[in-house]
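Reviewing the structure listed below.
Nothing in this text is a laboratory measurement; each read-out follows from the coordinates by a stated rule. Quick caveat, the model's predicted, so the values are computed rather than measured. Note that we place each Cβ from the backbone using ideal geometry, even for glycine, and neighbour counts take in every protein chain shown.
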Amino acid sequence: MQMKTWSFGRIVMVCGIAGVLLAGVLVFSFPLPYSSEAILKIPAGGQPLAIVNEAAQAALTRSSLTRIINDRDLYLGERKTMPLEDVIDKVMRPAIRISPAGPGLAAVRFAYQDPSIAQQVVQTLAERFAGFEVLDPPSAPERVGVRKRFGLAGLGMPAGLLFGVVLALILRRRSVATS
């Protein structure tokens, strides 16, 4: 390969383009999960945040999440490589989001690769919030993170440019040392 004859700018440009292409292939090769959401009415009395946190702790116990995983056959691939406790802590809990959805309202979200399972799990989770009324049943699942993919792929350009600058400087230094 005759990289010695390439100009500094050409090396940087080619590496920048290669960085975008590589990042794009990596980012777009991973499947995006689907997310479903249910809206719950927080029972009256006390601090809403404290009520939600207390109900979430009761609804999201290890035994409750284990039952959901086993009933729905969730995370079969992960269960082959790690213990169930790790699947719960490292995979399932991060897929569950409980957040405020307005005055006196809380949203329960779950993300999973299968849209119907995401919706079913949200329904199960919403039902486990004792004393809460389900105002809005689980939504139709939507893809999560579509816009983030383009941003992550775009990071390939500066990474490739940086690599190109370093490569061009190394090649320049080697050509000066050999002549």
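Things to note:
- Using the Cβ-Cβ distance between Val176 and Ile17 with R0 = 30 Å, the FRET efficiency computed as 1/(1 + (r/R0)^6) comes to roughly 0.65.
- Cα-centre dipole for the chain with unit charges at Cβ (Lys and Arg positive, Asp and Glu negative), debye to 20: 1220 debye
- Separation between Cα centres of the range 109-177 and the range 39-59, rounded to whole Å: 29 Å
- Helical segments meeting 24 Å axial Cα length and Kyte-Doolittle -0.5 threshold in the chain (DSSP H): 8-29, 156-178
- Rounded if a/c under 1.5, otherwise prolate or oblate - the range 66-134, Cα gyration tensor axes: prolate
- Here the translational diffusion coefficient of the chain follows from Stokes-Einstein with Rh set to the Kirkwood radius across Cα pairs; for 4 °C and 1.567 mPa s it amounts to 66 µm²/s.
- GNM top mover of Thr81, Thr124, Thr66 - the chain, alpha-carbon springs below 10 Å: Thr81
- Selection from Val176, Leu21, Gly45 lying farthest towards where the dipole of the chain points positive, charges on Cβ: Val176
- Residues with amide H under 5 Å from that of Leu135, placed H, sequence gap 5 or more: Ile39, Leu40, Lys41
- Calculated mean residue ellipticity at 222 nm for the chain: -17500 deg cm²/dmol, from DSSP H runs with n ≥ 4 weighted as -39500 (n - 2.57), summed, divided by the residue count and rounded to 500.
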